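Asker: This is the structure I want to talk about, given as C-alpha cells.
The values are calculated or read from the model by the stated rules, or taken from the named source; none is laboratory data. Treat the numbers as computed from the prediction; the structure is a model and nothing was measured. Note that each Cβ is placed from the backbone with ideal geometry, even for glycine, and that neighbours are counted across all protein chains shown. Ligands, DNA and RNA are excluded from the accessible area calculation, which covers all protein heavy atoms including side chains. Shrake-Rupley method; radii C 1.70, N 1.55, O 1.52, S 1.80 Å.
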Amino acid sequence: MVSYNPKSLKAEEFINDQEILDTLRYARENKDNLALVNQIIDKTDELKGLSHREAAVLLLCEDKAALERIFAQATKIKDAFYGNRIVMFAPLYLSNYCVNGCTYCPYHLKNKHIPRKKLTQEEIRREVIALQDMGHKRLALETGEDPLHNPIEYVLESIRTIYSIQHKNGAIRRVNVNIAATTVENYRKLKEAGIGTYILFQETYNKEQYELLHPTGPKHDYAYHTEAMDRAMEGGIDDVGCGVLFGLNLYQYDFVGLLMHAEHLEAVHGVGPHTISVPRLRNADDIDASSFTNGISDELFQKIVAILRITVPYTGLIVSTRESQKTREMVIRYGVSQISGASKTSVGGYAEPEAEEEDSSQFEVNDNRTLDEVVGWLLKMGYTPSFCTACYREGRTGDRFMSLVKKGQIRNCCLPNALMTLKEFAEDYASPETKRLALEMIEKEAATIPNEKVRDIVYQHLHDMDGGMRDFRF
Ligand code: SAM
C-alpha cells in the first residue's frame, strides 16, 4: 500500500487516497461533535490556518450555529488579511486547439464542431489594447494543450507581445499563465518571460475519476499533472495557483485533496499556493453540465469558500465570471480576494465580438457586466477594486509575499497600491459615476493608512497622478 507522505514528490503519496478516505471517515465521525467543531473554529483566531482533517470536520458539519460561526470567522479573517480590497483580472484565450479528450471541456479533440482559433501576434495586440482600454492591468493567459499549434515558444512570444504594448496610459503589468502541465525547462522559460502566477487546476484529485474524465491525450497522466506544481517550483516559479473544477467529482474528496496539495507545497517548498480558484462546471458548446451528477449548490459553494478562507488565510481565493453577480456577492463577503471582470472565454472577442456561428468560447459566463459596471458594483458594496501588480514586479513572490502578509503590512503596502491603481482606473477609464465612487473610496481609505510616512507619500502620488503621472507602487 502507498502511504501518505506530504513531503514526497510522488503524486500518490502526497495526495494519498487512503488518507483522504480516512480523513472523510474522521470527519463523518466528528461532524456532530460540537465541542470539537467549536474548538477548531476557535483555533482559526490564531490566523495560522487549519489542517485538512480539521477543515474536513467543518465541511461535513451541518449545525446551524456552527455554520454561522464559520461564516462570521471567514468574514473576520478576510477583513484582517485583505481589508476591503478585491484584485481584478481578465482571462485572455490565445488558442483553443487541444489534443486532450477532457469529457467536460468543449475544446476536446473529438469536437469537430467548435471553430478552432489561434490568435496571431497582431490579433493579440488588438485584444490587449481592447483590454487596456477597459482598464485591465492583469491577465490570465489560457490555451488548450497542443504541442504543434501552441508550443511553449508561441506562449513565450505572446507574453513578450503583451508586455510590450503601451497604449495611451494602458499597460498589462502582470501576466499569469494557465496552460497545461509541462516540463521544468518550460516552467523556467515562463519564469524568465516574467510571468506572475502559474495556474493549473487539478480538475479532480481522485485518480480513478481523473483518468475517466481525461480518457485520452497527455493530460490523462494523473501523476504528471498532479506533480506539475513541484516542477513549476523547481523551474523557479514560486507563485502557483491551484484549484479543482467543482462538479466533476465528489466535492468532499476534492476539498480534502486540494488542502493536502497546499500542505504538500508548504512542506516541500516552504510556501503554499499563492491562490486557489474555485471554478464550477458550466454548460459549453457540446457539454451539458447537468449530465455531471456531482454539481454543488450555491449554499455549499459559499460554505466551501468560507472554510477555505479560514483554513488557508494567506492564500488568495479567486472566483471567475462562471458565477453570477449574486453568487459573487456572497463569496466575496466570505473570502474571495480576486475576481475577473468583463471576461470573454472565446479566442478573440475583446476587440470585436465573435459572430454567433463562430463561437469559440470554452464555457458560458454567468456575469456579463462591463468592467466599469463591476468596479462600480464593488465600490457601492464598500470594496476597493485593486489593479495592483506590484508584488511580483518588486520581487515579492513566494515566501517574500507571505512574510509581508504575515507581518500585517497589507494596510501599509497593498492598500496604498490598491488606491493608487484605482485612481488610475478612475482617471483613465471610469464612467463619471464610477469615478465619483472611486475618488470617494480613495479619500476615505487613504486616511486609514497606518504608517504616516507611507500615507504622506500616497497623498503626494495621488496628487502627481492628477498631473498625468502613472504607475506608482510600493
Ligand atoms: N488546457 C489547460 C489545462 O490542461 O490545464 C488549462 C486551461 S483551461 C483553458 C482552464 C480551465 O477551464 C480548465 O482547467 C478547467 O478546469 C476549466 N473548464 C474546462 N471546461 C469547463 C467547463 N465546461 N465549465 C467550467 N470550467 C471549465
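Asker: Express the relative contact order of segment 1-136 as a whole percentage, based on alpha carbon pairs under 8 Å and six or more residues apart in sequence. Write down the numbers at each step before the final one.
Answerer: Numbers: 99 pairs, mean separation 19.5, N = 136.
RCO, segment 1-136: 14 percent.
Asker: Related question: Given only helices, namely DSSP H runs of n ≥ 4 each adding -39500 (n - 2.57), what is the per-residue ellipticity at 222 nm of the chain, to the nearest 500 deg cm²/dmol? Mind showing how you got there, number by number?
Answerer: Numbers: 20 runs with 226 residues, N = 474.
Value at 222 nm, helices only: -14500 deg cm²/dmol.
Asker: Which of the cysteines in the chain are isolated, no other cysteine C-beta under 4.7 Å?
Answerer: 61, 98, 242, 388, 391, 413, 414
Asker: Please find the FRET efficiency linking residue 46 to residue 325, where r is the Cβ-Cβ separation and R0 is fixed at 22 Å, and quote it to the nearest 0.05.
Answerer: 0.05
Asker: Same structure, new question: Straight-line reach only, C-alpha to C-alpha below 29 angstrom: list the lysines that residue 168 could link to, leaving out same-chain residues fewer than 8 apart.
Answerer: The reachable lysines, counting only those whose Cα sits under 29 Å from residue 168, are 117, 118, 137, 191, 344, 380, 423, 435, 444.
Asker: While we're here: Ordering 371, 67 by how much accessible area each has at a 1.4 Å probe, largest first, what is the list?
Answerer: Working: 371 5, 67 40 Å².
Heavy-atom accessible area, descending, gives 67, 371.
Asker: Taking only the alpha-carbon atoms of segment 1-158, what semi-axes of the equivalent ellipsoid follow from 5 times the gyration tensor eigenvalues under a square root, in whole Å, largest first? Don't skip to the end; give the middle numbers.
Answerer: Working: eigenvalues 348, 123, 44 Å².
Semi-axes, largest first: 42, 25, 15 Å.
Asker: Given Cα pairs under 8 Å that are at least 6 residues apart, what percent is the relative contact order of the chain? Please list the in-between numbers first.
Answerer: Working: 863 pairs, mean separation 89.5, N = 474.
Here the relative contact order equals 19 percent.
Asker: Could you give the length gained by full extension between residue 300 and residue 167, i.e. 0.36 nm per residue of separation minus their alpha carbon distance, to one decimal place? Please report the intermediate quantities before stating the final value.
Answerer: Values: separation 133, 0.36 × 133 = 47.88 nm, distance 4.29 nm.
Net length gain for the segment: 43.6 nm.
Asker: Rounded, prolate or oblate for segment 325-402? Axes are the square roots of the Cα gyration tensor eigenvalues, ordered a ≥ b ≥ c, and the cut-off for rounded is a/c under 1.5. Before the final figure, lay out each step's value.
Answerer: Values: a/c = 2.25, a/b = 1.45, b/c = 1.56.
Here segment 325-402 falls in the oblate category.
Asker: So how do 138-145, 463-470 stack up, highest first, on mean other-Cβ count within 10 Å?
Answerer: Numbers: 138-145: 23.0, 463-470: 11.5.
For the peptides 138-145, 463-470, the packing ranking is 138-145, 463-470.
Asker: Here's a follow-up. Quick one: plug the Kirkwood hydrodynamic radius of segment 1-71 (C-alpha pairs) into Stokes-Einstein at 10 °C, 1.306 mPa s, and report D in µm²/s. It would help to have the intermediate numbers written out before the result.
Answerer: Details: Rh = 13.1 Å.
D = 121 µm²/s.
Asker: Hey, another quick one. Going highest first, how would you order 267-277, 312-322 by mean Cβ packing within 10 Å? Provide the component values of the computation, followed by the final result.
Answerer: Details: 267-277: 20.1, 312-322: 23.5.
Ranking the peptides 267-277, 312-322 by packing returns 312-322, 267-277.
Asker: In the chain, what percent of the accessible surface is made up of carbon and sulfur (1.4 Å probe, ligands and nucleic acids excluded)?
Answerer: Numbers: 9400 of 18810 Å².
That share works out to 50 percent.
Asker: If we restrict to alpha carbons, what Rg and Dmax does segment 77-144 come to, in Å?
Answerer: 16.6, 50
Asker: Starting from the Cα coordinates of segment 174-310, work out the convex hull volume and express it per residue in Å³. The partial results should precede the final answer.
Answerer: Working: hull volume 16.9 nm³, N = 137.
It comes to 124 Å³ per residue, whole-number rounded.
Asker: Hey, what does the equivalent ellipsoid look like for segment 311-465, semi-axes from the Cα gyration tensor as sqrt of 5 times each eigenvalue, largest first, whole Å?
Answerer: On the way: eigenvalues 175, 78, 45 Å².
The equivalent ellipsoid of segment 311-465 has semi-axes of 30, 20, 15 Å.
Asker: Suppose a student asked you for the relative contact order of segment 47-198, using Cα pairs under 8 Å spaced at least 6 residues apart; what percent would you report?
Answerer: Working: 163 pairs, mean separation 32.5, N = 152.
About 21 percent, as a whole number.
Asker: What is the sum of charges around residue 468, taking Lys and Arg as +1, Asp and Glu as -1, for the other residues whose C-beta is under 15 Å from the C-beta of residue 468? Show your work: numbers first, answer last.
Answerer: Numbers: positive: 168, 423, 470; negative: 424, 427, 428, 464, 466, 471.
Within the 15 Å Cβ shell, the charges total -3.
Asker: Quick one, what does Rg over Rh come out to for the chain if you take C-alpha atoms and the Kirkwood Rh?
Answerer: Working: Rg = 21.5 Å, Rh = 22.7 Å.
Value, to two decimals: 0.95.
Asker: Then there is this: What list of ³J(HN,Hα) couplings, whole Hz, do you get for segment 91-96 from phi and the Karplus terms 6.51, -1.76, 1.60, once you set θ to phi - 60° and write x for glycine and proline?
Answerer: So the J values, rounded to whole Hz, are x, 10, 7, 8, 7, 10.
Asker: Residue-wise, which Karplus ³J(HN,Hα) couplings in Hz belong to segment 154-163, taking 6.51 cos²θ - 1.76 cosθ + 1.60, θ = phi - 60°, and x for glycine or proline?
Answerer: Running phi through 6.51 cos²θ - 1.76 cosθ + 1.60 with θ = phi - 60° gives 5, 5, 5, 4, 5, 5, 4, 4, 4, 5 Hz.
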